[in-house]
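Below: the structure, in structure tokens.
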Amino acid sequence: MSRLVLPLPPSVNHAYRNFTTANGRRMRVPTREAARFKRDAAWLAKAWRADTRWSIPPEDRKVIVRMWVYWRDWRRRDTDNTWKLTLDALKGILYEDDSMCLPQVIDFGVDRENPRVEIELEVKEGSS
């Protein structure tokens, strides 16, 4: 199975900032780093989709998303911080909605030269 390889996303703690509108409404908006990650991940996912002939499953089908995370060092991190932005970035490209995704972190490690997230997708059988 061919894996989609993406750069590491910013952690959830660094992906959004609080913003207050002129009328006092508070919102969380993506940081530049998060927006750049989503843009780059979308292009890489579109290329992967074309190479592998992946087709977006119907919106009532669950998608198993297996992830391998490679950090740039051994500092303590939570692998679940990679899910949110990664799943959001691939929405509408590899699946209809990330609410139907079943994320699974299979393993993590360190690759100082090429920190990344590797992803395998599988449509869950009998998931409608």
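When Val117, Val110 are arranged by Cβ crowding within 10 Å, least crowded first, meaning fewest neighbours, the order is Val110, Val117.
Taking Asp78, Asp107, Asp60 as the candidate residues, the one with maximal mean-square fluctuation in a Gaussian network model of the chain, Cα springs under 10 Å, is Asp78.
Sorted on the mean count of surrounding Cβ atoms within 10 Å across their residues, most packed first, peptides 87-97, 34-44 read 87-97, 34-44. Choose one of Pro58, Val105, Pro7: the residue whose Cα lies farthest towards the positive end of the charge dipole of segment 4-123 (beta-carbon charges +1 Lys, Arg; -1 Asp, Glu; about the Cα centre). About the Cα centre, the residue reaching furthest to the positive side is Pro7. Given +1 at the Cβ of Lys and Arg, -1 at the Cβ of Asp and Glu and no other charges, the dipole of the chain around its Cα centre is 640 debye to the nearest 20. By a straight-distance test (C-alpha under 22 Å), which lysines pair with Lys124 as possible cross-link partners, with residues fewer than eight away in the same chain excluded? List returned: Lys46, Lys62, Lys84, Lys91. In the chain, the calculated helix contribution to ellipticity at 222 nm averages -8000 deg cm²/dmol per residue, counting -39,500 (n - 2.57) for every DSSP H run with n ≥ 4.
Read the figures in this text as sums done on the coordinates, not as results from a lab. Because the structure is predicted, anything quoted here is derived from the model rather than measured. Note: ideal-geometry Cβ built from the backbone for every residue, glycine included; neighbour counts use all protein chains shown.
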